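Reviewing the structure listed below.
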Amino acid sequence: MFSRKADLAESRKFITVVGTDTRIEGVISGSGSIRVDGQVKGEINISGDLTIGDKGVVEAKALARNVVIAGEFRGSIQATGKLEIPPSGRLYGDVAVSALIIDDGAVFKGRCDIVRADKAGLKLLPGGTEPEAGDRGRQEEPSPRETSGEGR
């Protein structure tokens, strides 16, 4: 059997890097992991991890295992694992994830659905990350939220 640790190690074997001077528009799909230090606009559908570096800017619908946003992301994200936003990260959009980590100083404006790990891998739906009606867990109406390290 495979463990999460083994799966993560396997996905990190194949990393695609979008450099700081690179701009990509369209659909990116694959079985490895991606690090974005440049600009991406479109759709990202990978089975590995998505990392957005502190200079990276992404406007997309994204489906990945784990996501780290140290730069800027606008759009929708589905992560079968966790989403992490370090202090330099800015996320504007809706997410469906198994776990969410927002560090002091990070910005998150949008809606977050925390879903069971076995439901987080649902296919992205047009216009957002809403799972189909039969797959919803307990839902509360969240309000948009922004976090910052100021005033604490």
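Pairs under 8 Å by beta carbon, first residue closer than 16 Å to residue 53 by Cα in region 87-98, partner at pLDDT below 95 and not in a strand (DSSP E or B), six or more apart or different chains?
Here the result reads 87/149, each pair linking region 87-98 to a residue that is at pLDDT below 95 and not in a strand (DSSP E or B).
Identify, by number, the condition in (1) within 12 Å of the chain's Cα centre (by Cα); (2) outside any strand (DSSP E or B) that residue 21 doesn't meet.
Among (1) within 12 Å of the chain's Cα centre (by Cα); (2) outside any strand (DSSP E or B), residue 21 violates only (1).
Would you mind finding the one in 121, 149 that is surrounded by 14 or more Cβ atoms within 10 Å (Cβ to Cβ) and at pLDDT below 95?
Answer to the check: 121.
If you go through region 74-92 one residue at a time, how many are more than 10 Å from the chain's Cα centre (by Cα) and crowded, with 19+ Cβ neighbours inside 10 Å?
The number of residues fulfilling the criteria is 1.
Within the bounds of region 33-41, is there any residue that is of a type in the set (Asp, Glu), modelled with pLDDT of 95 or more and touching a strand residue (DSSP E or B) at 6+ places or on another chain (Cβ under 6 Å)?
No, there is no match, as no residue in region 33-41 is of a type in the set (Asp, Glu), modelled with pLDDT of 95 or more and touching a strand residue (DSSP E or B) at 6+ places or on another chain (Cβ under 6 Å).
Only one of (1) in contact with a Gly (Cβ under 9 Å, 6 or more places away or on another chain); (2) among the hydrophobic types (A, V, I, L, M, F, W, C); (3) modelled with pLDDT of 95 or more fails for residue 114. Which number is that?
(3)
Condition test on residue 76, is it within 25 Å of residue 115 (Cβ to Cβ), among the small types (Gly, Ala, Ser) and at pLDDT 95 or above?
Against the criterion (within 25 Å of residue 115 (Cβ to Cβ), among the small types (Gly, Ala, Ser) and at pLDDT 95 or above), residue 76 qualifies.
Any chance you could count how many residues in region 93-106 are of a type outside the set (A, V, I, L, M) and either buried (at least 19 other Cβ atoms within 10 Å of the Cβ) or part of a strand (DSSP E or B) (or both)?
Going through region 93-106 one residue at a time, the tally reaches 3.
The values are calculated or read from the model by the stated rules, or taken from the named source; none is laboratory data. Keep in mind that what you see is a predicted model, and the values were worked out from it rather than measured. Note: ideal-geometry Cβ built from the backbone for every residue, glycine included; neighbour counts use all protein chains shown.
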